[in-house]
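> Could you have a look at this structure, given as structure tokens, before my questions?
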Amino acid sequence: MMRSGSAVLTNAVGLHARPSVKLTQLAKSFSGTVEFALAPDGPWTDAKSPVKVMRVRAAKGATLHVRTQGVDADAALAAIIDLVQRQFDEH
Amino acid sequence: MTSLALKGQCASPGFSAGIVVAAGKRPAPQRAIEKGGKGDPAAEALALTAAINRAVIELRRLVESASGEAADMLGFQIAMLDDEELTQPARDEIAAGKTAVEAWTRAMDAEIAGYEGSDEEYFQARANDLVDMRERVLDALIGAASTSLPPGSIVLADDITPSRFLSSNWEGGAILLRRGSATSHVAMLARSRGVPMIVGLQADDIAGRNVLIDATQGLVIVDPSSTDATRFEQQCAASRARDMATAGFLGQPAVSRNGERIITLINIADPSELDGLDPACCDGIGLVRTELLFEGATLPSEDAQTDIYTRIVRWAAGKPVTFRTLDAGGDKPIAGLTPLGESNPFLGMRGVRLTLSRPDIFLPQLRALARAAAAGDVEIMIPMVTLPSELEATRALLHQACAELGAAQIAHRLPALGIMVEVPAAALTLGTFDAAFLSIGSNDLTQYVMAAGRDIAAVAALADPGHEAVLRLIGMISAHGERSGIKVSLCGDAGGDERFIPQLLARGVRILSMPPRLLAAAKQVIATVNLESAS
């Protein structure tokens, strides 16, 4: 099954070093694929690779579109969206 | 051989002598593959894997002794090096016949170029981290012991990062920078640890050459003659003798000649400055600058701040610790935080003016400080206060922070709330402030009273904390404290400056806060002052 959703990056500096590490660590805790994009139709980036995540250079204010697949797709989507909305616990 | 004298600016005083090491330069890498003529891709691939593993192990070890921002940045490097995506291009190059060293260098340079080309300042700044990763793996590949410098190195570089500074043992060494700045974090750290440092040094490649360094004069003598060496030895000996006489005062309480106890506190900007420092040498911490925490790529979380503040409070072991809330702006701009293009940043959005406009930043800091207060005696000091309403607005936020923590059942305590007295308007109307304590910020107070910035060379002589106008104001603040029973301390540079200490004591200041390395000399000076004759 595939699930998708989106959230706006509101933390101070966008998808940066520390948020990237948090995002990839969380993504890796799920067995299925976790991907994100800056547009609803992609291109899609593997959220488990910090190198790829950093290359996207997603700035503050960007909308993160997230899609997940696999048996834990629902949980993965909810967790990723929650992390972004919590501003990666950065305040 | 005739000696060559090079001149720069003093960023941290002291002497050193030895052979110069160029940082970030290494001998042309040679690997087995080149000795054997034709390369063995399998062996090179294995060498790269081993080198990356070793780099990750080193980083993990560094993380254990790091905290806050530094730990996060090291964690970022580990995550990146763990990612196949970073190493695959290098593996492809190796398969195509390149050595591991060449392949890794090319692959990383391509990745780094992507960061350097970014329009976003935050991403550009990360290029430095990737350079760090490239170097660490290269060191592991060519068998260099570690990327941290040998103890006591005399290092020549264009500039140096705080993390690099913190990862090395500088005892006996020195830092020579072609660029750099005396106001950088590294300079601040160097001063607090007594590491000689010169910036703006006009030096080409003097790596491998013998040098004598008198950082106090900003002087480097390359290939010294025996005459140079003798004179240098005499200067060092004289300086050491002074230090020896002074050092005896460090562990003693500060007492004036007529027996009056003077409270001596320390100023710090980073918990690492407390390493190896005995809390018994001071009466507490009079100023914890918190700007350093906010200069990283991302804002520090409340938890990260709580950890660092708590570490400092624990060190003090019950003695009071005064934290200054974020004092960005003026001479301390922080990208993304302080406004750009102010015509006069010293008269603009800085200190509490800025933090009150950013509750998203201020509130987490106040919460973190209230949480740290559960571990000891914490005071909160607000910088750049002009009006009582600024103190009250901060107090309201602090009470809100404590109420939130209470509701969430998170351990905390309400810290005492005081103000820095550095704006003349506040200094002249102290009776209208309901502050638990006052701390005289003599640097800014001096420049606002004298209308002269000490960072502007042409008027720096006017920015004199010993001028009667400044001293008279300091006397008024002290007298107000005495009358109203409010504690008054002084935490500017003058507080640790032996030229000004007697004058400050004469004007009634009895609590001085200064960098740790100045404590002994300050106590020595205090012991010569007779306060009975002064008053």
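> Under 24 Å between C-alpha atoms is the cut-off here; go through the protein assembly as shown and count lysine pairs that meet it, provided they're at least eight residues apart or on different chains.
17
> Let me ask you something else. Please list, in order along segment A:65-82, the HN-Hα scalar couplings obtained from phi with the Karplus expression 6.51 cos²θ - 1.76 cosθ + 1.60 (θ = phi - 60°), rounded to whole Hz, x for Gly and Pro.
9, 10, 9, 10, 9, x, 5, 9, 4, 5, 4, 4, 4, 4, 5, 5, 4, 4
> Under unit Cβ charges (Lys, Arg +1; Asp, Glu -1), what dipole magnitude, rounded to 20 debye, does segment A:2-89 have relative to its Cα centre?
340 debye
> A further question on this structure: Note down the nm distance, to one decimal, between modelled labels 7 Å out along Cα→Cβ at B:Lys319 and at B:Glu498.
The modelled label-to-label distance comes out at 2.1 nm.
> Across bins of 5 angstrom width beginning at 0, how are the C-alpha pair distances of segment B:470-515 distributed, in whole percent?
Reading upward from the zero bin: 5, 25, 35, 22, 10, 2.
> Let me spell out the model: positive unit charges on the Cβ of Lys and Arg, negative unit charges on the Cβ of Asp and Glu, origin at the Cα centre of chain B. What dipole size does that give, in debye rounded to 20?
Magnitude of the dipole: close to 1520 debye.
> Let me see the P(r) profile for segment A:2-89: every Cα-Cα distance counted, bins of 5 Å, each bin given as a percent of all pairs.
Going from the shortest bin to the longest, the percentages are 3, 18, 31, 30, 15, 3, 0.
> Oh, and also: Could you calculate, for the protein assembly as shown, the ratio of the Cα radius of gyration to the Kirkwood radius, expressed as Rg to Rh? Let's see the in-between values first.
Numbers: Rg = 27.0 Å, Rh = 27.0 Å.
Reported Rg/Rh (Cα atoms, Kirkwood Rh): 1.00.
> Work out, in µm²/s and without decimals, the Stokes-Einstein translational diffusion coefficient of segment B:252-529 at 10 °C, 1.306 mPa s, Rh from Kirkwood over C-alpha pairs.
On the way: Rh = 19.0 Å.
Using the Kirkwood radius from Cα pairs, D works out to 84 µm²/s.
> Along the Cα→Cβ direction, 7 angstrom out, place labels at A:Ser4 and B:Gln202. What is the inter-label distance in nm?
With each label placed 7 Å out from Cα toward Cβ, I get 6.3 nm.
> For chain B, list the DSSP H helices whose alpha carbon atoms reach 27 Å or more along the long axis and whose average Kyte-Doolittle value is -0.5 or above?
Working: long enough: B:41-64 (35 Å, 0.64); B:121-142 (33 Å, -0.22); B:226-247 (30 Å, -0.76); B:388-407 (28 Å, 0.07).
Sorted by number, the helices that extend far enough and score high enough are B:41-64, B:121-142, B:388-407.
> Then there's this: Evaluate the distance, in nm, between pseudo-label points positioned 7 Å from the Cα of B:Ala95 and of B:Asn258 along their respective Cα→Cβ axes.
About 8.5 nm, to one decimal.
> Under the 0.36 nm per residue contour assumption, what length would be gained going from the current alpha-carbon distance of B:Leu414 and B:Ala22 to full extension?
Here the segment from B:Leu414 to B:Ala22 would lengthen by 136.2 nm.
> While we're on this one: Under a Cβ-only charge scheme (Lys and Arg +1, Asp and Glu -1), can you give me the dipole magnitude of segment B:236-384 about the Cα centre, in debye to the nearest 20?
In debye, rounded to 20, segment B:236-384 gives about 320.
> I need the calculated FRET efficiency for the pair B:Arg54 and B:Ala506, taking r as the beta carbon distance and R₀ as 41 Å, to the nearest 0.05.
0.10
> In whole Å, what is the distance between the alpha-carbon centres of segment A:11-29 and segment B:299-342?
23 Å
> Could I ask something else about it? Take the Cβ-Cβ distance between B:Asn169 and A:Asp41 as r, set R0 to 45 Å, and report the resulting FRET efficiency rounded to the nearest 0.05.
Working: r = 54 Å, r/R0 = 1.20.
The calculated FRET efficiency here is 0.25.
> Within 10 Å of each Cβ in A:10-20, how many Cβ atoms from other chains are there, averaged over the peptide?
6
> Just subtract the alpha-carbon distance of B:Ser225 and B:Lys7 from 0.36 nm times their residue separation and send over the number in nm, one decimal. Can you show the working numbers first?
Numbers: separation 218, 0.36 × 218 = 78.48 nm, distance 1.74 nm.
Gain in length upon complete extension: 76.7 nm.
> Quick one: work out the % antiparallel among DSSP beta bridges in the protein assembly as shown, nearest 5.
Values: 32 of 66 bridges.
DSSP beta bridges in the protein assembly as shown are roughly 50 percent antiparallel.
> Tell me the mean residue ellipticity at 222 nm calculated for chain B from its helices only (DSSP H runs of n ≥ 4, each -39500 (n - 2.57), averaged over every residue, nearest 500).
When only DSSP H runs of four or more count, the value is -13500 deg cm²/dmol.
> For segment B:75-168, I need the span (max minus min coordinate) of the C-alpha atoms along each principal axis, in Å, sorted largest to smallest.
Sorted largest first, the three principal extents are 42, 36, 24 Å.
> Can you tell which of B:Ala100, B:Ser484, B:Gly259 lies farthest toward the positive end of the dipole of chain B, using +1 and -1 charges on the Cβ of basic and acidic side chains (Lys, Arg; Asp, Glu)?
So the residue we want is B:Gly259.
Just so you know, all these numbers are worked out from the coordinates, no wet-lab data involved. The model shown is predicted, which means the values in this text are computed figures rather than measured ones. Cβ atoms come from the backbone with ideal geometry, glycine included; neighbour counts cover every protein chain shown.
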